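Have a look at the structure below before the remarks.
What follows draws every value from the coordinates through simple rules; no lab data is involved. Owing to the predicted nature of the structure, the values given are computational and were not obtained by experimental measurement. Positions of Cβ are backbone-derived with ideal geometry, glycine not excepted, and every protein chain shown enters the neighbour counts.
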């Protein structure tokens, strides 16, 4: 990279003019001024199909004079899928199963009655679908006391995660902490609803509080940033081969 690409304390300067996608190694690579984009470990950024490569390329094309690397979530996902997931598939799937052991959708408010009803209305159908279509049976609990989930359910979560290819598994793992829920991440991966809808489901409690007390600017900014990540994840899953 040219001198001055990164200046201490500053966001790195944009060091390229053109962004394109080209067929490479049985997939599609993102090209910056005709050179293959590479991840932090030096691996070429080769995606399994053109739509996924276009998603990553779009982030690079949208950059201004300074690179907003922290906001390039599809690029980060691509790097994870290419450079990290292949050697950590089992550990990644286990982390997803560990999250399922305390899935957000299983922990319900005890009051006020309106919030309790809202959680039941919106979360119960998701858990019911997870049981019907994915054989995932969860036990909801009221309050914050930990409720152990069936071992068979956690084993099934891990097995379902391991059935995904590296790019699908990377996406699933990205969604789990974003939503606080393995179930919601599977729901987006399976196309039950959009990433933004899943994000809204994940923050029923926060939305309830905002309706009562209002929203401060810092919280609103964080919410929109996370909703943007959820929207990107939705595009990621839709772009995957076979989706």
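I want to check the label-to-label distance for residue 15 and residue 36. Put each point 7 Å from Cα in the C-beta direction and report it in nm to one decimal.
It is 1.8 nm.
Compute the helix-to-body angle for 89-100: its Cα long axis versus the longest principal axis of the chain, expressed 0 to 90° and rounded to tens.
30
Among 72, 24, which comes first, then next, by fewest other beta-carbon atoms within 10 Å?
24, 72
Which entry in [x] 17.3, 56; [y] 19.4, 64; [z] 19.8, 61 is this structure's computed Rg and Dmax of the Cα atoms in Å?
Evaluating Rg and Dmax of the Cα atoms in Å on these atoms matches [z].
Restricting to the chain, what percent of DSSP beta bridges are antiparallel, rounded to 5?
Numbers: 12 of 14 bridges.
Antiparallel bridges make up about 85 percent of those DSSP assigns within the chain.
If a/c stays under 1.5 just call it rounded; otherwise compare a/b with b/c (prolate if a/b is bigger, oblate if not). Do that for segment 59-166, with a ≥ b ≥ c from the square roots of the Cα gyration tensor eigenvalues.
Details: a/c = 2.70, a/b = 1.52, b/c = 1.78.
Oblate shape, in that a/c is at least 1.5 and b/c is the bigger or equal ratio.
Shape of segment 19-85 from its Cα gyration tensor (a ≥ b ≥ c, root eigenvalues): rounded if a/c is under 1.5, otherwise prolate when a/b > b/c, or oblate? Display every interim value, and only then the final one.
Values: a/c = 1.60, a/b = 1.20, b/c = 1.34.
In terms of gyration-tensor shape, oblate.
Give the calculated FRET efficiency between residue 71 and residue 238 to the nearest 0.05, with a Förster radius of 22 Å applied to their Cβ-Cβ distance. Present the calculation step by step, with values, prior to reporting the outcome.
On the way: r = 20 Å, r/R0 = 0.90.
Efficiency for this residue pair is about 0.65.
Assign one of three labels to segment 114-160, namely rounded, prolate or oblate, based on the Cα gyration tensor with a ≥ b ≥ c the square roots of its eigenvalues; rounded applies when a/c is under 1.5, prolate when it is not and a/b is larger than b/c, and oblate otherwise.
Working: a/c = 3.62, a/b = 1.46, b/c = 2.48.
In terms of gyration-tensor shape, oblate.
Could you work out the relative contact order of the chain, using alpha carbon pairs under 8 angstrom and six or more residues apart, expressed as a whole percent?
18
In nm, give the distance between the simple-model label positions of residue 196 and residue 124, each being 7 Å from the Cα along the Cα-to-Cβ direction.
2.8
For the chain, take the longest principal axis of its alpha carbons; what is the angle in degrees between that and the long axis of helix 204-213, to the nearest 10 within 0 to 90?
Result, in degrees: 80.
How large is the convex hull of the C-alpha atoms of segment 118-214 per residue, in Å³? Before the final figure, lay out the partial values.
Details: hull volume 10.5 nm³, N = 97.
Taking only Cα atoms, segment 118-214 has a hull volume of 108 Å³ per residue.
With each run of n ≥ 4 DSSP H residues scored as -39500 (n - 2.57), what mean residue ellipticity at 222 nm is computed for the chain after dividing by its residue count and rounding to the nearest 500 deg cm²/dmol? It would help to have the intermediate numbers written out before the result.
Details: 10 runs with 128 residues, N = 243.
For the chain, the value works out to -16500 deg cm²/dmol.
With r defined as the distance between the Cβ atoms of residue 139 and residue 50 and R0 fixed at 51 Å, what FRET efficiency is calculated, to the nearest 0.05?
Values: r = 43 Å, r/R0 = 0.85.
The value I calculate is 0.75.
I'd like the orientation of helix 217-239 relative to the chain: the angle between its Cα long axis and the longest Cα principal axis, in ° from 0 to 90, rounded to 10.
It is inclined by approximately 70 degrees.
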